[in-house]
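Below is one structure, written out as structure tokens; the observations come after it.
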Amino acid sequence: MDLAWMAWTWPTAIFFVTIFTLIAAMGVWEWFRPGGAPRVGILRFETTRGDRLFVSLLGSAFICLAWLGLVGPSLWWALAVCLAYAVCVFRWV
Amino acid sequence: MERTWNNKGWLFVIPVLVLVLFSAAIPLMTVVNYSVQDTFGNNQFFWAGSAWFEDLLASERFHEALWRQFLFSGIILAIEVPLGIAVALAMPRKGWGVPVCLVLMALPLLIPWNVVGTIWQIFGRVDIGLLGHTLFNLGVDYNYVSDPLDAWITVVVMDVWHWTSLVVLLCYAGLVSIPEAYYQAARIDGASRWAVFRYIQLPKMHRVLLIAILLRFMDSFMIYTEPFVVTGGGPGNSTTFLSIDLVKMAIGQFDLGNAAAMSLVYFLIILLLSWVFYTVMTNVGRETGSGTGSGGGR
């Protein structure tokens, strides 16, 4: 199957493999611990594991955009901030 | 009692997932791939990294289009929501007037977007349009082709004409669901017209109003066809909203990398706003216990 029209690159392939691996891992987690572990965190409304992953990914996208706009093109430190942010989301949101 | 979970139900979701994969996920992945590369056609791509995103974030053109988009959404919400409530309050609740009003209100919603644009494009023309020609004869210097303010007024009035009905119908549905006993109690207490609106009608309309605001905001934030048909984004760039700018960049200039980066940022803004609205609506449903559906959609 020719996927040349999708213009794949290694970095974008790694990016999507990571996203799909995260979603698959959440699926496995849900299979073994069903229910999504709902709880009310600092946002004052109920969130499940899926909500927390979504908030982590969406927030990370904006962190990277803000980093590009305000700091510079190297995103390694932004990635570290994103990971720290995701940990905080899964811990407190 | 321990709730029983049966995850085999997820197997039924697989057909939908396959459909979404082909209709949304694969095109989105392609856009992401384009956003980090440059191309001159012929399926040849060159790595550009985050350059398009940096260009976009520093681009005055993008900032202006984004600002215009928020301004447009803010203006039409500020007009359509109060106007929709007022019209819904004025509509009859019984008798032959109800179906007549409902049909009249539904008419603008049934007209395709490009037809609405064409109607207003002709309607506003100074040479042959009823509105433009009448204003010209009254001595009003109106010309949406050359004056940015006139173009904005035309686009805003067109959107108000097209979509206020939606707010009206939603608010009307909220109003007719209020039991007569509430009004009887208000009359016994000697409540004023304003008090009836403030303490009975508005709280009862709260949920449908939220849905109306959500729908109008999202729709107006993604508006393309009507202003494109009427003004083409002009005069100059005065009515070039994000979607119009995006199409100009992708198709007009064939600047695919830049357009892909812009698409992704646009998508992220929409995604964030949708999530905020969805969360607010879901939690309002839970707090009020009215439960019209979205609360269980998680």
inquiry  = Quick check on B:L17: is it hydrophobic (A, V, I, L, M, F, W, C) and farther than 28 Å from B:A250 by Cα?
reply    = yes
task = Output the residues belonging to region A:1-45 that are within 11 Å of chain B (Cβ to nearest Cβ), part of a loop (DSSP other than H, G, I, E, B) and in contact with a strand residue (DSSP E or B) (Cβ under 8 Å, 6 or more places away or on another chain).
result = A:A7, A:T9, A:P38
request  = Considering every residue within region A:70-93, establish whether at least one is within 18 Å of B:L273 (Cα to Cα), touching a helix residue (DSSP H, G or I) at 6+ places or on another chain (Cβ under 9 Å) and among the small types (G, A, S).
outcome  = no
Hits in region B:142-173 (condition: closer than 16 Å to B:Y224 by Cα and crowded, with 21+ Cβ neighbours inside 10 Å) = B:A151, B:T154, B:V155, B:M158, B:D159, B:H162, B:W163
message = Going by what's in this entry, would A:L83 be described as surrounded by 14 or more Cβ atoms within 10 Å (Cβ to Cβ), in a helix (DSSP H, G or I) and at pLDDT 95 or above?
response = no
inquiry  = For region B:100-122, check the following and say yes or no: at least one residue is part of a loop (DSSP other than H, G, I, E, B) and of a type outside the set (F, W, Y).
reply    = yes
task = Determine whether region B:4-24 contains at least one residue that is part of a helix (DSSP H, G or I), under 30 Å from A:G35 (Cα atoms), facing chain A (nearest Cβ under 10 Å) and hydrophobic (A, V, I, L, M, F, W, C).
result = yes
note = Matching residues in region A:59-80 (assigned to a helix (DSSP H, G or I) and surrounded by fewer than 15 Cβ atoms within 10 Å (Cβ to Cβ)) number 7
ask   = Restricting attention to region B:39-89, which residues are outside any helix (DSSP H, G or I) and aliphatic (A, V, I, L, M)?
value = B:A48
key: The lone exception for A:R52 - which of (1) basic (K, R); (2) part of a helix (DSSP H, G or I); (3) at pLDDT below 90 it fails   = (3)
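Quick grid of which residues meet (1) at pLDDT below 90; (2) under 25 Å from B:E226 (Cβ atoms); (3) among the hydroxyl-bearing types (S, T, Y); (4) out of contact with any His (no Cβ under 6 Å at 6 or more places or on another chain):
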| site | (1), (2), (3), (4) |
| --- | --- |
| B:K8 | yes, no, no, yes |
| B:F12 | yes, no, no, yes |
| B:L17 | yes, no, no, yes |
| B:L28 | no, no, no, yes |
| B:F40 | yes, no, no, yes |
| B:D55 | no, no, no, yes |
| B:V81 | no, yes, no, yes |
ask   = Can you pull out the residues in region B:91-125 that are touching a His at 6+ places or on another chain (Cβ under 8 Å) and buried (at least 18 other Cβ atoms within 10 Å of the Cβ)?
value = B:V116
note = Going through (1) surrounded by 12 or more Cβ atoms within 10 Å (Cβ to Cβ); (2) part of a loop (DSSP other than H, G, I, E, B) one by one, B:G139 fails only at (1)
task = Please find, among B:G233, B:G257, the residue that is modelled with pLDDT under 95 and within 14 Å of chain A (Cβ to nearest Cβ).
result = B:G257
task = Output the residues belonging to region B:26-37 that are in a helix (DSSP H, G or I), of a type outside the set (V, I, T) and facing another protein chain (nearest Cβ under 9 Å).
result = B:M29, B:N33, B:Y34, B:S35
task = Look through B:A106, B:A78 and report the one residue that is more than 30 Å from B:A259 (Cα to Cα) and free of Cβ contacts under 8 Å to residues at least 12 places away in the same chain.
result = B:A78
request  = Go through B:A24, B:A78, B:A58, B:A88 for me and flag whichever is loosely packed, with under 12 Cβ neighbours inside 10 Å and either touching a Gly at 6+ places or on another chain (Cβ under 6 Å) or under 21 Å from B:L202 (Cα atoms) (or both).
outcome  = B:A78
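The values are calculated or read from the model by the stated rules, or taken from the named source; none is laboratory data. On a predicted model such as this, the values are computed, not experimentally measured, just so you know. So basically every Cβ, Gly included, is an ideal-geometry build from the backbone, and we count neighbours across all protein chains shown.
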